[in-house]
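The block underneath contains the structure these notes are about, expressed in structure tokens.
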Amino acid sequence: MEIIIEGCDGVGKTTLVNKIKKHYNIDSMHLTSKDPHNFRFYKELLNKKDVIYDRHFIGEIIYSKIFNRKCCLSNCQFEKLLKYCKKNNIKIIILTTSDTTIYERLYERGSEHPKILQNINNINKQFKDIAKKYNILLIDTLEITTRRIYKWLED
């Protein structure tokens, strides 16, 4: 089972990843800003088996804009990665919740980058837009149970 969990900082990705990891006894990988963020890197990662990713290539499209840096994926490469995931039954879930909830969670952490805090609405909206455009499962973390997520993963 290969799964990618994406979404804005503070939406609940790591919490969900840890629950799925424990439930299915699979490995997890947490991608960070220190990873290469290029097509080759993302494509190679997708060859791993029985892993759940806490972030992957979708965030690169959004966060490169927020931090005013060149995106390391072209639109064509982004779509190739999506097609690869679909062809190889790699499940992608984009998480969302209210901007207020995200802000409160990030504020409690006290360690988020100011650009993220200033752009929560924009980041969250971009993830929602990508989910809609590419028909990716979008889950509000306040409105769904983990049990329902497990059922979707097993279908």
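Structure summary
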quantity: Summed residue charge, Cβ within 14 Å of Asn38's Cβ, Lys/Arg positive, Asp/Glu negative; calculated: +3
quantity: Distant-in-sequence amide H partners of Met29 (H built 1.01 Å from N, under 5 Å); calculated: Ile52, Tyr53, Asp54
quantity: Projected label distance in nm at Glu112 and Lys83, using a 7 Å step from Cα toward the beta-carbon; calculated: 3.5 nm
quantity: Gain on full stretching of the segment that runs from Lys49 to His30 - 0.36 nm per residue minus C-alpha separation; calculated: 5.3 nm
quantity: Net dipole in debye of the stretch 34-112 [+1 Lys, Arg Cβ; -1 Asp, Glu Cβ; about Cα centre; nearest 20]; calculated: 520 debye
quantity: Of Gly59, Gly12, Gly110, the one that fluctuates the most in a GNM where the chain has Cα springs shorter than 10 Å; calculated: Gly110
quantity: Per-peptide average of other Cβ atoms within 10 Å, ordering 137-148, 97-108 highest first; calculated: 97-108, 137-148
quantity: Of Lys13/Lys87; Lys43/Lys80; Lys48/Lys128; Lys65/Lys86; Lys21/Lys83; Lys83/Lys115, those spanning more than 19 Å from alpha-carbon to alpha-carbon; calculated: Lys13/Lys87; Lys48/Lys128; Lys65/Lys86; Lys21/Lys83; Lys83/Lys115
quantity: Accessible area per residue, Å², the stretch 1-90 with all protein chains present, probe 1.4 Å; calculated: 53 Å²
quantity: Computed over the stretch 74-130, Kirkwood Rh from alpha-carbon pairs, angstrom; calculated: 13.3 Å
quantity: Taking the chain and dividing mean pair separation by its residue count, relative contact order in percent (alpha carbons under 8 Å, at least six apart); calculated: 32 percent
quantity: Value at 222 nm in deg cm²/dmol, rounded to 500, when DSSP H runs of n ≥ 4 in the chain each add -39,500 (n - 2.57); calculated: -15000 deg cm²/dmol
quantity: Dimensionless Rg ratio for the chain, taking C-alpha atoms and the 2.2 N^0.38 Å reference; calculated: 0.98
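The values are calculated or read from the model by the stated rules, or taken from the named source; none is laboratory data. Just so you know, these numbers come straight off a predicted model, no measurement behind them. FYI the Cβ positions are ideal-geometry reconstructions off the backbone, even for glycines, and counts take in every protein chain you see. For accessibility, only protein heavy atoms count, side chains too; no ligands or nucleic acids. Shrake-Rupley method; radii C 1.70, N 1.55, O 1.52, S 1.80 Å.
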